[in-house]
Every structure is written in structure tokens, then in C-alpha cells.
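The values are calculated or read from the model by the stated rules, or taken from the named source; none is laboratory data. Computed from a predicted structure; not experimentally measured. Here the Cβ positions follow ideal geometry from the backbone for every residue, glycine too, while neighbour counts run over all protein chains shown. For the accessible areas, the whole protein counts, side chains as well, though only heavy atoms, and no ligand, DNA or RNA atoms are used. Shrake-Rupley method; radii C 1.70, N 1.55, O 1.52, S 1.80 Å.
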Amino acid sequence: MQRPRSLRSQTWFVVDGLHDQFSLSVNISPRQFADPDFLDKVEQALTSHAVPAQHLKLELTESSLFHDMDHAIEILEQLRKQGIGIEAVF
């Protein structure tokens with residue numbers, strides 16, 4: 001399974017101990033957000049790079065959120081429970 005490229009390239013985030021001071025913002029495409037394995041992939045990326053969930057902020061476009069509102073609400077609730085930040089980008 002391939003990790004999101006932006007998380008793969010952010011190894012410095014943990015290596016240099018910057019995770020206490022900074023957050024990591026990742027732009028999520030509508031296609032990625034609609035993936036049935038999206039939550040699992042986010043969790044795996046966080047675990048494999050030792051990035052605390054509270055230091056991750058996902059940037060979602062309007063089309064990601066309104067394409068399937070029931071799916072979006074379910075995913076957003078799960079992300080929020082894990083402490084992952086959400087930002088809507090319009």
C-alpha cells in the first residue's frame with residue numbers, strides 16, 4: 001500500500017523533534033477522500049511516521065465534502081475523534 005507522498009516526504013517532522021511545535025497540513029483530493037480505505041490509510045501513515053494525530057490537519061475541498069454528505073459526515077466524525085484537524089478549502 002502506498003502512503004500519501006506528502007507524509008512520506010515529511011520525515012524531518014519527527015526526526016528533528018519539531019512535532020511539538022508544528023503541525024502538518026495535507027491537501028486531500030476528492031478522490032482520496034472518497035476512497036473506502038481513506039481512514040485506514042491516514043492511520044497507517046501516522047503510525048509509520050510517528051506523527052501524533054493532533055499535529056495533522058487535513059485540508060478538504062468543497063467538492064470532497066458535498067459529493068456524498070453522509071459519507072463525509074461519517075469520515076469527519078472519525079477523524080475528529082482521533083484528534084485530526086480538518087480545514088475546508090473553498
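Determine whether ALA45 is open to solvent by less than 30 Å² (accessible area, probe 1.4 Å), over 16 Å from PHE90 (Cβ atoms) and assigned to a helix (DSSP H, G or I). In short, yes. Of everything in the range 29-42 that is farther than 15 Å from GLN82 by Cβ and hydrophobic (A, V, I, L, M, F, W, C), the residue that is surrounded by the most Cβ atoms within 10 Å (Cβ to Cβ) is PHE33. Of the residues making up the range 48-90, those that are within 11 Å of the chain's Cα centre (by Cα) and open to solvent by 80 Å² or more (accessible area, probe 1.4 Å) are GLN54, ARG80.
Assess whether VAL26 counts as being surrounded by 13 or more Cβ atoms within 10 Å (Cβ to Cβ), modelled with pLDDT of 85 or more and assigned to a strand (DSSP E or B).
Working: surrounded by 13 or more Cβ atoms within 10 Å (Cβ to Cβ): yes; modelled with pLDDT of 85 or more: yes; assigned to a strand (DSSP E or B): yes.
Yes.
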